[in-house]
Amino acid sequence: MRNDKENIIVKLSFEFALIIVEFAELLESKNKYVVAKQILKSGTSIGANIREAQNAESKNDFIHKLKIAAKEADETAYWLLICQHSKNYPNCEKEIEKLSEITKILSKIIVTSKANTLNPN
């Protein structure tokens, strides 16, 4: 199922993971260890699951893996909201914006893939 041509969601999720690594390091430098660890795990897991979906064994497996990525994106959004609304936490608008873009694309891919599975023409 792997397709090696440029894939925007793979690219964006990898770039987001790099941004999240830097943000988690910033949080750690401010002694926000628990939130840093949570954001690092869920934020990098998005891209890992999207990459895994590229090697899916079937269309249903592909959809399932992208749904896991979407759940990780939702969890990451939660932790970023915690940061956004907590005192003494760094600004995370850039991270929220990038995540929103990824979430929209992921949702569209999942909906389209489901429709194609139901109507395989």
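The figures follow:
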| item | result |
| --- | --- |
| Residue that is surrounded by the most Cβ atoms within 10 Å (Cβ to Cβ) [pool: residues in the stretch 1-32 that are among the small types (Gly, Ala, Ser) and under 16 Å from residue 75 (Cβ atoms)] | 13 |
| Some residue of the stretch 33-43 being modelled with pLDDT of 95 or more, within 30 Å of residue 116 (Cβ to Cβ) and surrounded by 14 or more Cβ atoms within 10 Å (Cβ to Cβ) | yes |
| Condition met for residue 52 (more than 10 Å from the chain's Cα centre (by Cα), under 23 Å from residue 117 (Cα atoms) and not aromatic (Phe, Trp, Tyr)) | yes |
| Whichever residue in the stretch 65-121 is over 17 Å from the mean Cα position of the chain (by Cα) and small (Gly, Ala, Ser) and, among such residues, is farthest from residue 28 (Cα to Cα) | 115 |
| Selection from the stretch 45-79 of residues that are farther than 16 Å from residue 104 by Cα, in contact with a Phe, Trp or Tyr (Cβ under 9 Å, 6 or more places away or on another chain) and either surrounded by 20 or more Cβ atoms within 10 Å (Cβ to Cβ) or among the aliphatic types (A, V, I, L, M) (or both) | 53, 56 |
| Complete set of residues in the stretch 95-112 that are within 13 Å of residue 77 (Cα to Cα) and either touching a Pro at 6+ places or on another chain (Cβ under 7 Å) or β-branched (Val, Ile, Thr) (or both) | 96, 102, 103 |
| Qualifying residue in the stretch 67-76 (condition: at pLDDT 95 or above, of a type outside the set (A, V, I, L, M) and within 17 Å of residue 8 (Cβ to Cβ)) | no |
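The values are calculated or read from the model by the stated rules, or taken from the named source; none is laboratory data. What you are looking at is a predicted structure, and each value in this text was computed from that prediction instead of being measured. Counting neighbours? That spans all protein chains shown, and the Cβs are built from the backbone with ideal geometry, glycine included.
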